[in-house]
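This report refers to the structure that appears directly beneath it.
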Amino acid sequence: MFAVYAARIDAEQPLNGLETGDRPAPPKRDGWTTVTVRAASLNHHDLWSLRGVGLDESRLPFVLGSDVAGVTDDGREVLVHALVADPDRGGGDELLDPARGMLADALCGGLAEFVTVPARNLVDKPASLSFEEAACLPTAWLTAYRMLQVRADVRPGHTVLVQGAGGGVSTAAVTLAVAAGLRVWVTGRSGPKREKARALGADAVFETGQRLPDRVDAVIDTVGAATWEHSLRSVRPGGTVVVAGATAGALVKTDLFRLFLQQITIRGSAMGRVGELRDLVALCDARGVRPHIDSVHRLESARAAVERLESGDAFGKVVITP
Ligand SMILES: NC(=O)c1ccc[n+]([C@@H]2O[C@H](COP(=O)([O-])OP(=O)(O)OC[C@H]3O[C@@H](n4cnc5c(N)ncnc54)[C@H](OP(=O)(O)O)[C@@H]3O)[C@@H](O)[C@H]2O)c1
């Protein structure tokens, strides 16, 4: 089958290791289902893999891609929960399974014509969502959904700051926060991206690191080192900073005086449960909430798609269709 894979690891120039071409179809496994991929979307995770973060050279060549929507052999239209995990090993919570991994990491990724996934990871795609839209939901959108709905401790009327304007998780967080009745503030690195965030529904937009007119109830941060201190300065006493990414670096300085005197809660968040993905899909179906898609590329042109993600110029999700 045709697939997009990491052939080499290059920490500095991740695209150097990217190849497209024939790869063996994923092997059948008991309890797993084959899905014919109709659309897949890119995530920063694919760049991390090409850089060798979380990917060992011994596993090369390695088919990339965790976000998939497609059709099963018996004709079911589905999207695929991107986390391969066993709730039993996690004490009832799949997110706490010590052996959990992303779809691509578990066996063979979704930037391909076919993917094989555990049957429990299949979520029915409503007819109202296109395959391209559905393929945006399992990673960035589910992560943003859980950050807001479960981890941020916010309710309608609260103000949330989303760090970063155009990222997959950021655009999801803005759209979902607006749908949830929150006041939404966004920081972005460029004027055009800030304006696009406003078009998604942000109530106010700011330059990265700019002092805000007031403190917010919660911060959604997937940027990391470039925004971390601003996140802690921007949250109100007793507020919450939810962190799920570190695109700009994972090693940060934290003012402990501020942390304990302002009684700030910092929460890590990673992906979401399969049931939460079903709830997110139901929200999109019922309320017409839709992912913002930056661009759609053919599988054969996947290099251009990954270049777009790596450039930092994308606004929203980069989608690939076989
Ligand atoms: N924990 C999880 O389960 C989970 C799930 C999904 C993603 N993630 C992580 O979340 C992060 C974002 O993922 P993504 O797929 O949304 O990536 P992405 O589409 O590449 O987004 C990058 C975002 O980071 C911002 N950014 C990057 N460098 C910056 C800098 N130096 N200063 C300020 N802002 C900067 C960009 O802001 P502008 O738009 O303003 O340029 C953009 O919003 C990644 O680190 C990823 O690994 C984690």
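The values are calculated or read from the model by the stated rules, or taken from the named source; none is laboratory data. As the structure is a computational prediction, the values presented were derived from the model and not from experiment. Quick reminder, even Gly has a Cβ in these numbers, built from the backbone with ideal geometry, and neighbours come from all protein chains shown. Just the protein is used for accessible areas: all its heavy atoms, side chains included, with ligands, DNA and RNA removed. Shrake-Rupley method; radii C 1.70, N 1.55, O 1.52, S 1.80 Å.
Using the 1.4 Å probe convention, the accessible area of region 56-135 works out to 37 Å² per residue with neighbouring protein chains retained. Ligands, DNA and RNA are left out, and with a 1.4 angstrom probe the accessible area of region 140-268 is 44 Å² per residue. These residues, R89, R51, R303, go from largest to smallest accessible area, 1.4 Å probe, as R89, R303, R51.
The convex hull around the C-alpha trace of the chain, projected and averaged over every direction, spans 15.8 square nanometres. Where both bridge residues fall in region 140-268, DSSP classifies roughly 0% of the beta bridges as antiparallel. Expressed per residue, the C-alpha convex hull volume of region 140-268 stands at 88 Å³.
The Cα center of region 253-281 and the Cα center of region 113-183 differ in position by 15 Å. Peptide packing: for 12-23, 183-194, the average count of neighbouring Cβ atoms within 10 Å per residue gives the ranking 183-194, 12-23, highest mean first.
Straight-line cross-link partners of K196 among the lysines, defined as a Cα under 27 Å from its Cα and at least 8 positions apart when in the same chain: K317. To the nearest Å, what is the center-to-center distance of region 10-34 and region 70-107, using C-alpha atoms only? When both Cα centres are located, 17 Å separates them.
In the assembled protein chains, Y145 presents an accessible area of approximately 30 Å² (probe radius 1.4 Å). In this view, the solvent-accessible surface of E300, computed with a 1.4 Å probe and all protein chains in place, comes to about 110 Å².
Under a cut-off of 27 Å between alpha-carbon atoms, report the lysines in cross-link reach of K28, not counting same-chain residues fewer than 8 places apart. Reachable lysines: K125.
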